[in-house]
Structures are given as structure tokens and as C-alpha cells.
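So the structure is just underneath, and the comments pick up after that.
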Amino acid sequence: MIVEDQALFQELLRGMLSMQAGLSIVGTATHVHSGRQVCELHRPQLLLLDLDLPDGHGLEVASHLLHLVPEAQVIVISGHASEFVCPPWLLGNLHCVISKNDSFRSLREELDHLFPDDYRTDSEPFRCKALSAREAEIFALIGEGYLTKEIAGRLHLSEHTVQTHRKRIARKLGTSGSEILQRAIQHRQAFFPPHRAEPGSEPTGDSGPHPSAGGR
């Protein structure tokens with residue numbers, strides 16, 4: 001289960017988690033209230049949790065989940081990871097705390113520790129694990145058809161900065177700048193088929209990480 005209020009970032013996390021064969025998607029939430037609902041409905045065993053939510057603190061969701069599933073594991077993903085102080089009641093269930101600045105690389109490593117035999121390293125989209133959070137965000141927007149100027153405006157960056165990120169993305173993916181659009185579209189289609197719910201919509205129980213039936 002993922003609790004993250006930024007729709008694009010949540011979508012990127014879903015894309016990365018879809019590469020993990022040992023997990024199935026059961027729910028996402030953008031608020032404390034909806035997070036509690038998903039916990040009640042699906043009882044996930046793994047929770048990816050942002051702390052700063054529109055209607056409260058993410059730890060409220062973690063507390064609610066642990067009352068339902070005492071053995072559940074929690075991964076905190078925060079823009080203020082270095083400032084996080086784990087409350088005593090969470091110590092036994094907190095797997096790790098990851099900064100949003102390097103969340104994709106760090107999350108991949110942590111999931112590799114939890115499920116060492118399940119990664120689909122032979123898949124083309126798996127190469128995107130090397131991208132930083134900002135690069136992955138820009139790569140996703142490219143896949144949606146946004147132009148450099150539009151991405152710059154959306155992310156409050158200069159066009160020069162976006163171009164620099166595009167060059168880094170191309171280098172990390174081993175492709176040319178002119179091929180980035182095609183690769184980004186392919187990546188998006190692989191992870192987010194056309195009939196998925198629109199980003200930002202409330203969950204109905206079909207997304208978020210959860211170990212497959214029988215437990216891991």
C-alpha cells in the first residue's frame with residue numbers, strides 16, 4: 001500500500017513497485033482518512049508512507065494499520081527523512097526511512113533485501129531505477145507528451161535545467177536525446193495502461209504494495 005499525496009510521485013512509485021514480482025497492488029491513498037479506509041479493506045503487510053498529508057500526519061495511518069496487522073512492515077518516504085524520529089511504538093515495524101531525493105534507488109535496494117529473488121532485472125523499464133527522483137519525474141512527464149517548456153513550467157524549473165536533466169536521463173538509459181520520447185512513452189505504457197484511473201483519484205483497492213497471498 002502507498003500513502004502519498006503527490007499524484008505524479010505516487011504514480012512513479014507504483015511503476016517501480018510493479019517491477020517487484022513478490023508484490024501485488026492493493027491500494028493507494030492521498031489522505032489519512034482514505035489511508036485508514038484502505039487499511040481496513042485490504043490489511044496490507046507492507047506500507048510505503050509519506051508523512052506530510054493534507055489532513056494529518058502519515059503516522060496516523062501506520063498506527064491504524066498496526067492495530068489491524070501487528071506484523072506489517074513500514075517504509076517511510078519523506079522529503080525530511082533526516083529529521084524523522086521514530087516513535088517507540090513503530091520501532092519493531094519500521095523497515096527503513098528513505099529520502100525523496102533518492103527514493104527510487106534506495107527503495108529498489110530495500111525491496112531487494114526484502115525480496116532478494118524476485119526482481120525482474122531483465123525488463124527494459126528496470127533500467128529506470130538509476131534515475132534520481134527528479135529525473136524520474138521528468139521522464140514520466142516526457143512520456144505523457146509534455147514539451148521541455150511545459151515541464152519547466154509544471155515543475156517550476158528553467159528550461160535549461162530540464163534540458164540538463166534530459167541529457168542525464170539519456171546517458172543513464174544508454175540512449176540518444178532524440179529517442180527519449182519513445183522510451184518514455186514505452187515505459188509509461190508498460191506500467192500504466194490506458195484504462196487506469198486518473199492520477200489523484202481516490203483508490204478503489206487496486207494499487208499499492210502487498211505481498212502475494214500466503215505471505216512472504
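Among residues of region 81-100 that are farther than 11 Å from LEU66 by Cβ, those with a Cβ under 8 angstrom from a residue that is outside any strand (DSSP E or B) and of a type in the set (D, E, K, R), sequence gap 6+ or separate chain, pair up as ALA81/LYS100; HIS95/GLU110; CYS96/GLU110; ILE98/GLU110. Per the listing ARG166, ARG154, ARG171, the residue uniquely within 24 Å of SER106 (Cβ to Cβ), surrounded by fewer than 18 Cβ atoms within 10 Å (Cβ to Cβ) and over 14 Å from the mean Cα position of the chain (by Cα) is ARG171. The condition (being modelled with pLDDT under 65 and in contact with a Gly (Cβ under 6 Å, 6 or more places away or on another chain)) is satisfied by just one residue among ASP122, ASP118: ASP118.
Screening GLN37 against (1) touching a residue at least 24 places away in the same chain (Cβ under 8 Å); (2) closer than 26 Å to GLY92 by Cβ leaves a single unmet condition, (1).
When VAL38, VAL26, VAL32, VAL61 are checked against the criterion of being of a type outside the set (Gly, Ala, Ser), touching a His at 6+ places or on another chain (Cβ under 6 Å), buried (at least 19 other Cβ atoms within 10 Å of the Cβ) and more than 17 Å from SER99 (Cα to Cα), VAL26 stands alone in meeting it.
The values are calculated or read from the model by the stated rules, or taken from the named source; none is laboratory data. Note that the coordinates shown come from a computational prediction; the quantities given were computed from them, not determined experimentally. Here the Cβ is made from the backbone with ideal geometry for all residues, glycine too, and neighbour counts use every protein chain on show.
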